[in-house]
Amino acid sequence: MPINPKSWAEGFTAQLIVGGEHVPLDRVVARHADAFAELRGLGMTWRGIAQLLVRAGARRADGSVISSDQLRVGYARLSQKKANRRPEQPRRSRSARTADRAPPLATTVPLPPPPRGIDPPGREASDAQDVSGNEIEAALARLSKI
C-alpha cells in the first residue's frame with residue numbers, strides 16, 4: 001500500500017515529542033528510514049519532505065523548523081552506518097566469547113637441549129663445573145662484539 005504523505009508527516013511529528021520530552025531528530029529519522037526511501041522513490045525532494053513536516057507542525061527541540069538539509073544529512077548518516085555495518089551474526093553468550101580469548105592448552109613439545117655451560121634441570125650441583133670470573137668476562141666481551 002503506498003504511503004500517505006500527510007498522515008506519515010503527522011505520525012513523524014507526533015514521535016518528535018514523547019512524554020513532553022524532545023526526541024533527537026536522528027532517532028526519529030532512523031525509525032522512518034523506509035518511509036523516507038519510499039517518499040524519495042515517489043519523486044519527492046528533501047525540500048518537499050521538509051515542507052510536509054513543517055505543515056504537520058514538526059519542530060526541532062529549540063522550536064525552529066526542520067530543514068531539508070537536516071533530513072538529508074540524518075538520512076545519509078543512517079544509510080552510511082547501514083552500509084558499513086558487518087553482516088549480522090547471532091549473538092554469542094559471554095562464556096563463548098571468553099572461551100575464544102582463553103589461552104591455548106599446553107601441548108607437549110620436546111624441549112631443545114640446553115646450551116653448553118648451562119646445567120639441565122635435575123642435575124646435581126656437585127656435577128656442575130665452576131666458572132671463573134675471567135671466563136665470564138671473556139664471554140661478555142665476545143657478546144658485546146656481536
- Once the Cα gyration tensor of region 6-50 is diagonalised, what are the square roots of 5 times its eigenvalues, in whole Å and ordered largest first, as equivalent ellipsoid semi-axes? 21, 10, 9
- Query: In terms of modelled amide H atoms, which long-range or inter-chain residues lie less than 5 Å from the amide H of residue 16?
  - Reply: none
- So for 130, 26, 34, what's the accessible-area order with a 1.4 Å probe, most first? 130, 34, 26
- Query: Simple spin-label model, 7 Å along Cα-to-Cβ: residue 138 to residue 17 in nm?
  - Reply: 9.4 nm
- What dipole magnitude, in Debye to the nearest 20, does region 17-58 give about its Cα centre under +1 on Lys/Arg Cβ and -1 on Asp/Glu Cβ? 140 debye
- Task: Can you tell me how much longer the chain between residue 30 and residue 73 gets when fully stretched, taken as 0.36 nm per residue apart minus their C-alpha distance, in nm with one decimal?
- Result: 14.3 nm
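The values are calculated or read from the model by the stated rules, or taken from the named source; none is laboratory data. Only a predicted model underlies this, so the values are computations on that prediction, with no experimental measurement involved. Cβ coordinates were reconstructed from backbone atoms using ideal geometry, including for glycine residues, and neighbour counts include every protein chain displayed. We work out accessible area using only protein heavy atoms, side chains counted, and drop any ligands, DNA or RNA first. Shrake-Rupley method; radii C 1.70, N 1.55, O 1.52, S 1.80 Å.
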